[in-house]
Each structure stands twice: as structure tokens, then as C-alpha cells.
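Written below as C-alpha cells is the structure these notes are about.
Since every read-out is calculated from the coordinates, none of them should be taken as a lab result. Fair warning: this is a prediction, and the values are worked out from it, not measured in the lab. Positions of Cβ are backbone-derived with ideal geometry, glycine not excepted, and every protein chain shown enters the neighbour counts.
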Amino acid sequence: MELVNTHCHCVYSGHGIGTIAEYADAAAAAGLSTLAFTEHFPLSPVFDPDEYLSMTPANVDAYLAEIEAARARHPQIEFVTGTEMDYLGSLEDRAITDEALAPFRFRLLSVHFIDGWAFDDPAQRDRWEEPGAPDAIWRRYGELWCEAASNAHAPYDAMSHPDLAKKFGYYPSFKVQRLYDEMAEAARAGGRMVEVNTSGGYYACAEMFPAPALLSAFCRAGVPCTVGCDSHDPANVARDIERAYRLMYEAGYRSVTVPTASGDRRSITIE
């Protein structure tokens with residue numbers, strides 16, 4: 001069965017390692033048929049003062065050129081030129097133009113910030129320990145996620161790591177199924193794809209994103225699903241892809257939706 005990874009990061013974000021060429025070589029060695037490079041779209045200095053979280057505007061042209069070079073070196077792999085965007089809600093301080101987005105044929109959207117707070121940053125996790133915090137954080141995360149996913153006019157294709165709020169292993173006291181159903185309906189209404197993100201198994205939550213019950217809710221709602229490793233190191237370019245396929249199958253999916261280099265989608269059957 002084909003192996004695809006539609007989410008990875010390299011040296012162009014301050015927290016990733018490995019060049020695009022090294023990723024391409026690793027993808028070839030692992031037998032991937034598709035690899036989407038999804039470096040973080042530039043954030044403003046307000047949200048990324050240390051240039052650690054996202055790609056800088058000055059590096060975008062080099063990023064695009066290196067992806068083209070990877071295509072020439074490994075024509076057997078479909079390399080998708082993509083980016084991962086951050087949903088900032090009412091705090092959005094960038095003027096994101098069609099021209100700036102045009103090179104990116106696949107656009108992930110992630111909720112990493114809750115009202116300006118990077119809730120999944122290990123250096124800022126103390127707030128999770130405050131009384132009642134998990135309930136409040138999960139509720140607000142769900143509100144922002146649904147707000148982003150349901151906006152059919154926003155310029156992105158897929159919602160990444162849908163239940164990232166569980167990263168540190170903090171869960172709300174309330175039952176989450178209602179929230180899961182709301183998230184599934186929001187993705188359906190916005191015409192979004194979601195991803196099974198294999199990186200979750202290596203955090204405190206010890207579970208892929210999304211949880212099986214949330215993935216099943218997406219399937220019932222008819223939301224297309226892809227698979228991304230969220231690799232930040234070429235060594236992990238194919239990590240747990242087949243496990244992700246099994247998770248999808250158990251949730252009711254029978255195919256994986258895959259973005260293409262031209263901006264279209266194709267599907268592969270889960271066997």
C-alpha cells in the first residue's frame with residue numbers, strides 16, 4: 001500500500017531539523033509516494049519574536065526552490081508544496097494576500113494559540129495546572145477550532161492535529177463527545193479535510209491526533225481524512241503511517257485522501 005505523509009517541517013522553522021534534500025532522500029528510502037512539505041507560514045514578531053515557530057518571509061523563496069530541486073532529484077515521489085498556517089482569530093495581525101499564498105498548493109490550518117497563548121508550548125504549560133483550567137481551555141479550544149473549520153471562505157484545505165489540546169495529557173471533566181460532534185459538523189460545513197497526525201503518540205497523551213472517537217465522528221460526518229507525521233526530523237518522515245491507516249479503518253474510513261502537487265486531491269484505498 002502507498003505510504004503518504006502530508007505534514008512535515010525542516011530547518012526553515014526554528015524548531016525543525018534537516019534540510020529539504022535530506023527529507024527527500026529519507027522519503028525515497030522509506031518508499032513514500034507523496035510527501036507534503038508544510039513549513040509554518042510566517043508569523044508576525046508579536047507571535048514569533050524569536051523566529052522559532054515559523055518560517056521567515058526572507059526564507060520563503062529558498063524553501064520553494066529547494067522543493068523544486070527535490071522534485072528533480074526524486075521524480076518517483078510527488079512532493080507537494082505546502083504550508084501550515086496558524087489560526088489567530090480576532091488577534092490576527094497579518095495581511096495575508098493571495099499572492100503570498102499562491103505558491104502553496106496545500107494549506108494546513110492549526111490552532112496553536114488560544115487568545116494569544118501558545119497552549120501547546122512546554123515552556124508555557126503552567127496555566128494548565130490552574131484550578132478548572134482544563135475545562136476552560138478545552139471549551140475555548142473547541143470554539144476556536146470550530147470557528148476556523150467552519151469558515152468555508154478561508155484559504156486553507158485541512159485542519160491539522162484536531163484535538164491538540166490533549167498534548168500534555170490534560171483532559172476536561174465533562175464528556176467530550178458533544179464537542180467531537182460539533183467539531184465534525186464544523187469541518188463538514190467548511191468543506192475541510194482533517195488529518196490523522198501520528199506525532200501524538202510521542203507526547204504525554206500517548207495517542208495519535210485525533211482520538212478514535214473524534215475520528216469516528218469525522219467519518220460519520222463525511223469529512224475526508226489524510227495522514228501526516230508532523231515530522232520535525234527526516235528520521236521520522238514515515239513514522240507510524242501504517243498505524244494511522246489502521247486507525248482510520250477502525251473509525252470507518254476506507255480510503256485516505258491525498259493532496260497533489262497541482263492542488264487537487266486523490267484517494268488511495270485502505271486495505
Restricting the range 63-85 to residues that are polar (S, T, N, Q) and closer than 27 Å to A154 by Cα, which is surrounded by the most Cβ atoms within 10 Å (Cβ to Cβ)? T83
Which condition does S54 not pass, out of (1) without any contact (Cβ under 8 Å) to a residue 60 or more places away in the chain; (2) hydroxyl-bearing (S, T, Y); (3) under 25 Å from A136 (Cα atoms), if it passes all the others? (3)
Can you pull out every residue in the range 47-75 that is more than 23 Å from S160 (Cα to Cα) and not in a helix (DSSP H, G or I)? P49, D50, H74, P75
Is it the case that some residue within the range 37-44 is within 22 Å of P259 (Cα to Cα), out of contact with any helix residue (DSSP H, G or I) (no Cβ under 7 Å at 6 or more places or on another chain) and small (G, A, S)? no
Going through (1) touching a Ser or Thr at 6+ places or on another chain (Cβ under 6 Å); (2) without any contact (Cβ under 8 Å) to a residue 60 or more places away in the chain one by one, T97 fails only at (1)
Scanning the range 177-203 for residues that are over 18 Å from the mean Cα position of the chain (by Cα) and surrounded by fewer than 20 Cβ atoms within 10 Å (Cβ to Cβ), which turns out farthest from G142 (Cα to Cα)? A189
Going through the range 78-130 one residue at a time, which ones are touching a Leu at 6+ places or on another chain (Cβ under 9 Å), hydroxyl-bearing (S, T, Y) and part of a loop (DSSP other than H, G, I, E, B)? Y87
Can you pull out the residues in the range 185-197 that are closer than 17 Å to M208 by Cα and either small (G, A, S) or in contact with a Phe, Trp or Tyr (Cβ under 9 Å, 6 or more places away or on another chain) (or both)? V194, E195, V196, N197
Subset of the range 206-254 that is polar (S, T, N, Q) and more than 18 Å from A149 (Cα to Cα) - its residue that is surrounded by the fewest Cβ atoms within 10 Å (Cβ to Cβ): N236
Just to check your reading of the model, which residue among L88, L164 is crowded, with 20+ Cβ neighbours inside 10 Å, out of contact with any Lys or Arg (no Cβ under 6 Å at 6 or more places or on another chain) and within 24 Å of V4 (Cβ to Cβ)? L164
